[in-house]
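Below is one structure, written out as structure tokens; comments come after it.
The values are calculated or read from the model by the stated rules, or taken from the named source; none is laboratory data. Keep in mind that what you see is a predicted model, and the values were worked out from it rather than measured. Cβ coordinates were reconstructed from backbone atoms using ideal geometry, including for glycine residues, and neighbour counts include every protein chain displayed. The area values use the complete protein model at the heavy-atom level, side chains included, leaving out ligands, DNA and RNA. Shrake-Rupley method; radii C 1.70, N 1.55, O 1.52, S 1.80 Å.
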Amino acid sequence: MAEVKLTPRQLADELDVSLQTLANWRWSGVGPRYTKLGDGRSARVRYRRADVDAWLKARESGAAA
């Protein structure tokens, strides 16, 4: 099975945040792990589904349902 990779737009839509928020998270190192497909500022960025899910899981709080 192929690994699911999300574009920044797809992840921003899913998390209901702006593309700029994702960029800020990347810059400050607080968001989900990502991969840059090239060098420089214009390199494409992708997020692995497993990394996003792990990042979200680590931020869960409250009692289990």
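Structural remarks
- Between amide H atoms placed 1.01 Å from N, distances below 5 Å from Val45 occur with Leu37, all of them 5 or more places distant or on a separate chain.
- The chain, accessible surface, carbon-and-sulfur percent (1.4 angstrom probe): 50
- Value of relative contact order over the chain, rounded to a whole percent, pairs C-alpha under 8 Å and six or more apart: 34
- Coordinate range along principal axes, alpha carbons of the chain, Å, largest first: 43, 31, 19
- With helices as the sole contributors, the chain gives -12500 deg cm²/dmol at 222 nm; each DSSP H run of n ≥ 4 counts as -39500 (n - 2.57), and the sum is divided by every residue.
- Checking every one of the trypsin sites (Lys or Arg not before Pro) in the range 4-57 against DSSP loop status and a limit of 15 other Cβ atoms within 10 Å picks out Arg33, Arg41.
- Total formal charge among the other residues, if their Cβ is under 9 angstrom from that of Tyr47, Lys/Arg +1 and Asp/Glu -1: +4
- Rounded to the nearest 20 debye, the dipole size of the chain about its Cα centre is 280 debye, using +1 on the Cβ of Lys and Arg and -1 on the Cβ of Asp and Glu.
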